[in-house]
Ligand code: X5A
Ligand code: ZN
């Protein structure tokens, strides 16, 4: 199951024919540069390449009025002066004689992509199109957009493929008000948008872009707006928005298809967005979306006006769609105070509509919007656009050195390997997963150590290898028979070869079952597991003699060689809501805050996770350590678990968890307590600004 790339050269034909500083950034080079970069990196060749077709007028009619379609059709015959006059009737729009053809190709590309994915020809894909679509309305062009590509694709998926729940994720830096208007009373389409807002002082200056616009009538709660009130939002803010707002709601919604309004003007260097997220952030966002809807993700290009930043972000997204691991995120994983205020305000506004947001408790509304109901804020008229500070030469130099960094690594010799006692040809492993036998304990240990070496050592400079399902027992045995721990043992030699040793490096263990006790003893932990503080007890305390639940265990270089922090919690929740809260609100924020070099996912006896839960956990944990994951599975586990883990670690879609069920009050209570304790140290756990009041941050 591959990735489609839909494109047509004709979409480069439309261009601005007169002087207009606002519109000139929407230029043909946006497509040609991005495509060239995809070719250079060998990514285009790995995709199923489809030539875009023109959408029919009936298809345009799924969203647009016949009069409007006729009007755009008419622009083909207009002269430059007439085109300019007509363009002036809309906000930030230009028409070109080729606009009608280009816009029909843009819609057609989105439709073809949806058809390919829903027919099962590919798992996911990207349509590289222009003009963009998300500002376009039933009878109006707006913000460079002529027809609403993504909205039409959603209606098409409903009418032609009978879908009932479609999620639209709009990560363009502008509010896709066009999509919002089209679906605001429709509960079958959940629209999520984040956007630069600055309390209403940023284009398109709409009251209805704020967090309290949540949809209407039967569509209440199916519009989710996350306004950014400051520029400079970065990787931590975007990931926090996904973990604490989008994903809880999306899992509860349980979409059959994810459409992405993939604008990259939300990336660093973009003149419109003025944000700070680096290109690899879009690989992470893409990966996070792929745990939904069986991985059926259809992305359609929207904005993105810094050619280099746009091209790199597009490459990152395609790489993630292809299943490659995402490079680790750079920079401090600490969300901005203003971002947390925004996240908090959406959670408050949406809590009445989503159980998943009620579970974690929300504080009262922070700050009323300073937006004046009469129209644009008066300060805008007085001060112009203060948010656009001119970039200094220093900024420009820093940006180009950042974008010059090589961030796409060569493909590793083996992306995923599996060690099994008795490899079985009947196991449905992907053909390019290396499967090796390790039946004797010594061989198993060696195989495991070799995978570990790949995952961490040799692979450090060539992406990362997501590796290894083996027999936990022999690993534990060899660890416990070696009192000084992994880093010094001869038969574990490959482990510390080129990477930092287990003690001095940052790694992150997700450990389940009774083996944690042995492991801790083997590592001579100064904090034996049984001394976990009482506030962790509700989540299950690790006890060497009594396997119970699942444990999260972190240690790192920041307090030297000691195991610095241990937390324990159970993931063994009977409800999907409880499990998801653990993963989204605790495990992933911890892991993203910690920025480990390696993630160990160990599923011991009685780990209590159902296969789809284990797969989801493993899939999501590929993010924080740049794909370096080592999964250890107990020998009592079923071959199905081995296969499902190998598949998701290899980049395939995680199986569905099934319908959402609300977490138990005990789970919620315990989780809140644990988060409260950990929040001061691990900032990605925060869902509200620390000062907790207006104007903070
Ligand atoms: C698709 C998109 C932006 C329009 C900005 C007008 N449109 N100032 O990014
Ligand atoms: Zn945009």
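Per the listing 138, 159, 155, 165, the residue uniquely more than 24 Å from residue 250 (Cβ to Cβ) and either away from ligand 2 (no atom under 14 Å from the Cβ) or touching a residue at least 60 places away in the same chain (Cβ under 8 Å) (or both) is 138.
Taken over the stretch 642-656, the residue count meeting the criterion of being part of a helix (DSSP H, G or I) and more than 13 Å from residue 620 (Cβ to Cβ) is 5. The test for being in a helix (DSSP H, G or I) and touching a residue at least 12 places away in the same chain (Cβ under 8 Å) does not hold for residue 62.
Just give me the residues in the stretch 168-186 being within 15 Å of ligand 2 (Cβ to nearest atom) and touching a residue at least 60 places away in the same chain (Cβ under 8 Å), in sequence order. Within the stretch 168-186, 168, 169, 170, 171, 172, 173, 174, 176, 179 qualify. For residue 108, the stated conditions hold: it is out of contact with any helix residue (DSSP H, G or I) (no Cβ under 7 Å at 6 or more places or on another chain), touching a residue at least 40 places away in the same chain (Cβ under 8 Å) and more than 16 Å from ligand 2 (Cβ to nearest atom).
Give the stretch 248-266 a look and list any residue that's within 10 Å of ligand 2 (Cβ to nearest atom) and assigned to a strand (DSSP E or B), or say none. I'd like the intermediate steps shown before the answer.
Initial filter on the stretch 248-266 (within 10 Å of ligand 2 (Cβ to nearest atom)): 261, 263-266.
Within the stretch 248-266, just 261 meets the criteria.
Applying the condition of being out of contact with any helix residue (DSSP H, G or I) (no Cβ under 9 Å at 6 or more places or on another chain) and within 16 Å of ligand 1 (Cβ to nearest atom) to the stretch 127-173 and asking which residue is nearest to residue 313 (Cα to Cα) yields 172. Of the residues 322, 289, the single one that is more than 16 Å from ligand 2 (Cβ to nearest atom), under 16 Å from the mean Cα position of the chain (by Cα) and within 17 Å of residue 194 (Cβ to Cβ) is 289.
There is no residue in the stretch 329-352 that is within 16 Å of ligand 1 (Cβ to nearest atom), buried (at least 24 other Cβ atoms within 10 Å of the Cβ) and assigned to a helix (DSSP H, G or I). When the stretch 267-286 is limited to residues that are within 13 Å of ligand 2 (Cβ to nearest atom) and in contact with a helix residue (DSSP H, G or I) (Cβ under 7 Å, 6 or more places away or on another chain), the one that is farthest from residue 627 (Cα to Cα) turns out to be 270.
Exactly one residue among 34, 13, 51 is in contact (Cβ under 8 Å) with a residue 60 or more places away in the chain and under 13 Å from residue 106 (Cα atoms), and that residue is 13.
May I ask you to say which residue of 271, 218, 248 is away from ligand 1 (no atom under 16 Å from the Cβ) and touching a residue at least 40 places away in the same chain (Cβ under 8 Å)? Can you show your working first?
Details: 271 fails: away from ligand 1 (no atom under 16 Å from the Cβ); 218 fails: touching a residue at least 40 places away in the same chain (Cβ under 8 Å).
Just a single option satisfies the conditions, and that option is 248.
Please go through the stretch 200-224 and pick out each residue that is within 15 Å of ligand 2 (Cβ to nearest atom), surrounded by 23 or more Cβ atoms within 10 Å (Cβ to Cβ) and closer than 17 Å to residue 183 by Cβ.
We begin by selecting, within the stretch 200-224, every residue within 15 Å of ligand 2 (Cβ to nearest atom); these are 202-206, 209.
After this cut, where a residue has to be surrounded by 23 or more Cβ atoms within 10 Å (Cβ to Cβ) as well, the list is 202, 209.
Selection gives 209 alone.
Of the listed requirements (1) under 16 Å from the mean Cα position of the chain (by Cα); (2) buried (at least 24 other Cβ atoms within 10 Å of the Cβ); (3) part of a loop (DSSP other than H, G, I, E, B), residue 304 misses just one: (1).
The requirement of being surrounded by 24 or more Cβ atoms within 10 Å (Cβ to Cβ) and more than 25 Å from the chain's Cα centre (by Cα) is fulfilled somewhere in the stretch 147-164, by at least one residue.
For the stretch 301-316, a residue qualifies if it is closer than 21 Å to residue 653 by Cα and more than 16 Å from ligand 1 (Cβ to nearest atom), and the qualifying residues are 315, 316. Note on the stretch 184-223: residues that are under 20 Å from residue 303 (Cβ atoms) and in a helix (DSSP H, G or I) amount to 4. Considering only the stretch 311-318, I want to know if a residue exists there that is in a loop (DSSP other than H, G, I, E, B), at pLDDT 95 or above, touching a helix residue (DSSP H, G or I) at 6+ places or on another chain (Cβ under 9 Å) and away from ligand 2 (no atom under 15 Å from the Cβ). No: the stretch 311-318 contains no residue that is in a loop (DSSP other than H, G, I, E, B), at pLDDT 95 or above, touching a helix residue (DSSP H, G or I) at 6+ places or on another chain (Cβ under 9 Å) and away from ligand 2 (no atom under 15 Å from the Cβ). Would the stretch 16-27 turn up any residue that is surrounded by 20 or more Cβ atoms within 10 Å (Cβ to Cβ), closer than 30 Å to residue 648 by Cα and within 16 Å of ligand 2 (Cβ to nearest atom)? Looking for residues that are surrounded by 20 or more Cβ atoms within 10 Å (Cβ to Cβ), closer than 30 Å to residue 648 by Cα and within 16 Å of ligand 2 (Cβ to nearest atom), one finds none in the stretch 16-27, hence no. Per the listing 226, 243, the residue uniquely closer than 26 Å to residue 684 by Cβ and part of a helix (DSSP H, G or I) is 243.
Among the listed residues 298, 281, which satisfies the condition of being away from ligand 1 (no atom under 16 Å from the Cβ), in a strand (DSSP E or B) and either over 12 Å from the mean Cα position of the chain (by Cα) or modelled with pLDDT of 95 or more (or both)?
Values: 281 fails: in a strand (DSSP E or B).
The match here is 298.
Tallying residues that are more than 16 Å from ligand 1 (Cβ to nearest atom), closer than 16 Å to residue 302 by Cβ and out of contact with any strand residue (DSSP E or B) (no Cβ under 6 Å at 6 or more places or on another chain) within the stretch 1-32 yields 1.
The values are calculated or read from the model by the stated rules, or taken from the named source; none is laboratory data. The shown structure was predicted, so the numbers you read here are calculated from the model rather than taken from an experiment. Heads up, the Cβs are rebuilt from the backbone with ideal geometry, glycines too, and the neighbour counts pull from every protein chain shown.
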